[in-house]
There are 2 protein chains.
Amino acid sequence: MAETPIRFGILGCAHIAQTVSRAICLSPNSTLYAVGSRSFEKAKKFSEANGFPPSAKIYGSYEALLDDPDVDVVYVPLPTSLHLRWVVLAAEKKKHVLLEKPVALNVAELDEMIKACEVNGVQFMDGTMWMHHPRTTKMEEIIYDPERFGNIKTVHSIFSYGGGDDFLRNNIRVKPDLDGLGALGDAGWYCIRAILWAAEYELPKTVTALREPVLNEAGVILACGSSLQWEDGKTATFHCSFLANLAMDITVLGTTGTLHVHDFVIPHEENTASFLAAAKTGYWELVTGMSAIPSQHVITTDLPQEVYMVTEFSRLVKSIKDGGSKPEGKWPSISRKTQLVVDAVKASIENGFEPVQVRV
Amino acid sequence: MAETPIRFGILGCAHIAQTVSRAICLSPNSTLYAVGSRSFEKAKKFSEANGFPPSAKIYGSYEALLDDPDVDVVYVPLPTSLHLRWVVLAAEKKKHVLLEKPVALNVAELDEMIKACEVNGVQFMDGTMWMHHPRTTKMEEIIYDPERFGNIKTVHSIFSYGGGDDFLRNNIRVKPDLDGLGALGDAGWYCIRAILWAAEYELPKTVTALREPVLNEAGVILACGSSLQWEDGKTATFHCSFLANLAMDITVLGTTGTLHVHDFVIPHEENTASFLAAAKTGYWELVTGMSAIPSQHVITTDLPQEVYMVTEFSRLVKSIKDGGSKPEGKWPSISRKTQLVVDAVKASIENGFEPVQVRV
């Protein structure tokens, strides 16, 4: 007998919800069960356009979707300013929560959401999809191996994309009342996660924002950067922007290893992803070339990375539902660490680029 | 009748002088004419090991080499602390000067050297060899093209290599009395030049060093980083280090273009060099892939990049000698700008990471 797939309800019809709906369709242990929008018509259209089965439930409000006892998981792609309200309510209704990033406007909000999930025994995970790509595991095998890579000394990450005039006027990501963290919350979230990932989730002791961030008239960040400092001398920098051509870089330097990836957020191609790695690189005798130059590692996948994320989430939910497992604490923990650094960068920008202690 | 090649005298027997001696041998308009060292025996051995013709002059002192009226060019690979004395003397003896970087301990010293070269009508150029690689011209065609690349928004550069225990104890680059600028003067010089190059040599208005540089017991920088800020909102960051595996990156982000190069200082292979460039990159509809992804550009060369540098230098010298041309002002100008930023980074480290105005 086939296992019953985990039933997803989609809260709202954001553009990113199309990508994740497709992933739910393609995930072997997940199913599109319901969609809710403030407009029934919009929800209906969304379900028709995004592969929902004819039996799918269409709801004209978020509350109605949350009241459906057969929804296992709520996927929340709403603007950040709405997360607190709807995540807490979803958790109270015993729904597991897959939450788009940035997860919260600040860590205090996130703590309320995480607490609600803990109290109600539901899984929390943010939608940082590249974490689940098989390439990420391959890169971990290299950079977490001290024999090969040595100690990590510095990390640099970039996520930029050219928003364009319409985006910069109208997108929710530049509206103070919707996604008030702007490029820091959107693109910067990925950079900060990449840096924490490379540091095996050890928090930096201080964060010092770089000077000359770009803000719009409403004070929302359109481009900024930061440096990060760890107790052990490790450092990192990142740059996030809505104002430059697309770039998605992680560069990790260890004492004996180098890693480069240029499309870490979204692989350039859906079914292959690559990175460059080198270990113990040296000069030729006359310093006109190198030994042990970077080699390209190519990972081929059958499915887009969002499917791996959805499938992992459903696996966790299934073992909670069926086996009495507890929710996996890793996921809320790394969301929280990411948010702590987001908050510290914002605080450093606001305090004139002084270093900010990262509070735990 | 073949043109008389430009005659080079090598001042000292530094390791890098082997690379440049080979380049002079391979350069069609240049010849190895003399080598001078404080030890005649050392100079003799160097000439025998590095392709000098049997007729080459061997000198047991730097002064004697400078007194030889047939030396056209002096190549100076001495420790930085000796540059001022020997470059000024060489210029006074009417020798053109090809000077290893870092060119000076500070811009005041460099100004004395440049002035001596100006007064004596000799060409000054620093040995930043990658500037002369044909790849650099190809990259300029892309990043300097506003139709393709838009406006440059941010630049990031890394140059690190693992010095190793012996290097970190004994190399001149970590000795305060020899190369007191440490990793900033050595590896950082290249990063700063790369950033200025990308900015078409427009100086930043301010430089703000990143926190937590690593210094040795004598106070010499082993690793550091900085951010740079321009009037027009452009920004840059770099990281230079003797403490991490080899990496040589330039990343340039324009409003519509992206450029990546991973071996800008010394191409991984002597006869081919590549870079990645993209323009107007976009997402697929469901944001699971990209259009206009970076393409790899490969440049094949017959000669190592140092030969292009030497040949260009000899071409300039020849047109001064033969045609009454004036020395090319571009080269001392960009050396000076690089040194100004080096000095500003050092000043920012010393003043507690406050922004430092870059003085012109």
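Numbers below:
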read-out: Calculated FRET efficiency for the pair residue B:201/residue A:118, C-beta based, R₀ 41 Å, to 0.05; value: 0.15
read-out: Position residue B:51, label points 7 Å along Cα→Cβ, spacing to each other copy in nm (shortest first, one decimal); value: 6.0
read-out: Summed buried accessible surface, chains B and A, 1.4 Å probe, nearest 100 Å²; value: 5100 Å²
read-out: Accessible area of the range A:128-227 divided out per residue, in Å², using a probe of 1.4 angstrom; value: 34 Å²
read-out: Set of the range A:249-268 residues, backbone N closer than 20 Å to the point 7 Å along the Cα-Cβ line of residue B:295; value: A:262-263, A:268
read-out: Among A:228, A:215, A:65: highest mean-square fluctuation, GNM of chain A, C-alpha pairs under 10 Å; value: A:215
read-out: Across the identical copies, how the residue A:108 labels are spaced - nm, sorted shortest first, 7 Å along Cα→Cβ; value: 5.2
read-out: Angle between chain B longest axis and helix B:83-92 axis [Cα atoms, degrees, rounded to 10]; value: 60 degrees
read-out: Anisotropy class of the range A:244-360 from Cα gyration tensor, a/c 1.5 cut; value: oblate
read-out: Residue-averaged beta-carbon neighbours from other chains (10 angstrom radius) around A:228-238; value: 3
read-out: Using alpha-carbon coordinates, inclination of helix B:305-321 to the longest axis of chain B, degrees; value: 60 degrees
read-out: Residue B:89 paired with residue A:166, simple spin-label distance in nm, labels 7 Å along Cα-to-beta-carbon; value: 7.0 nm
read-out: Selected from A:289, A:36, A:188 as most flexible by GNM, with chain A as the system and alpha-carbon contacts under 10 Å; value: A:289
read-out: Pairs of lysines in the range A:99-232 (C-alpha under 26 Å apart; 8 or more residues apart or interchain); value: 7
read-out: Per residue accessible area in Å² of the range B:6-127, where ligands, DNA and RNA are left out and the probe is 1.4 Å; value: 37 Å²
read-out: Solvent exposure, largest accessible area first (probe 1.4 Å, DNA, RNA and ligands not counted), of B:148, A:169; value: A:169, B:148
read-out: Value of relative contact order over the range A:6-128, rounded to a whole percent, pairs C-alpha under 8 Å and six or more apart; value: 23 percent
read-out: Over chain A, relative contact order from alpha-carbon pairs under 8 Å, at least 6 apart, %; value: 18 percent
read-out: Among A:25, A:240, A:117, residue whose mean-square fluctuation peaks in a GNM of chain A (springs only between Cα atoms under 10 Å); value: A:25
read-out: Nonlocal amide H pairs with residue B:153, under 5 Å, H built at 1.01 Å; value: B:253, B:254, B:255
read-out: From phi via Karplus (6.51, -1.76, 1.60), per-residue ³J(HN,Hα) for the range B:206-218 in Hz, x at Gly/Pro; value: 9, 10, 10, 5, 7, 5, 6, x, 9, 10, 8, 4, 7
read-out: Percentage relative contact order, the range A:260-300, counting C-alpha pairs under 8 Å, at least six apart; value: 40 percent
read-out: Nearest-ten-degree value, helix B:40-49 long axis tilted from longest Cα axis of chain B; value: 60 degrees
read-out: Global form of the range A:194-272, assessed from the alpha-carbon gyration tensor, a/c cut-off 1.5; value: oblate
read-out: Gap separating the Cα centres of the range A:81-156 and the range B:167-232, nearest whole Å; value: 37 Å
read-out: Computed FRET value (nearest 0.05) for residue A:63 with residue A:29, which takes r as the C-beta separation and R₀ as 30 Å; value: 0.65
read-out: Protein accessible area in the range A:6-128, 1.4 Å probe - carbon and sulfur %; value: 54 percent
read-out: Exercise: per-residue mean of other protein chain Cβ atoms within 10 Å, A:119-130; value: 0
read-out: Label point 7 Å beyond Cα along the C-beta direction, distances from residue A:218 to other copies (nm, shortest first); value: 5.7
read-out: Chain B: C-alpha gyration tensor shape, a/c 1.5 cut-off, then a/b vs b/c; value: prolate
read-out: Per-residue average of Cβ from other chains inside 10 Å of B:265-274; value: 3
read-out: Backbone HN-Hα couplings from phi across the range B:94-101 [Karplus 6.51/-1.76/1.60, Hz, Gly and Pro as x]; value: 6, 8, 6, 10, 9, 10, 5, 9
read-out: Residue-averaged [θ]222 nm for the protein assembly as shown, counting only DSSP H segments that reach four residues, each worth -39500 (n - 2.57); value: -11000 deg cm²/dmol
read-out: In order through the range B:161-167: 3J(HN,Hα) via Karplus (6.51 cos²θ - 1.76 cosθ + 1.60), integer Hz, x for Gly, Pro; value: 8, x, x, x, 4, 5, 4
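The values are calculated or read from the model by the stated rules, or taken from the named source; none is laboratory data. Computed from a prediction, not measured in an experiment: that's the story for all the values here. In this analysis, Cβ positions are derived from the backbone assuming ideal geometry, glycine residues included, and neighbour counts consider all displayed protein chains. Side chains are part of the model used for accessible areas, which takes the heavy atoms of the whole protein and leaves out ligands, DNA and RNA. Shrake-Rupley method; radii C 1.70, N 1.55, O 1.52, S 1.80 Å.
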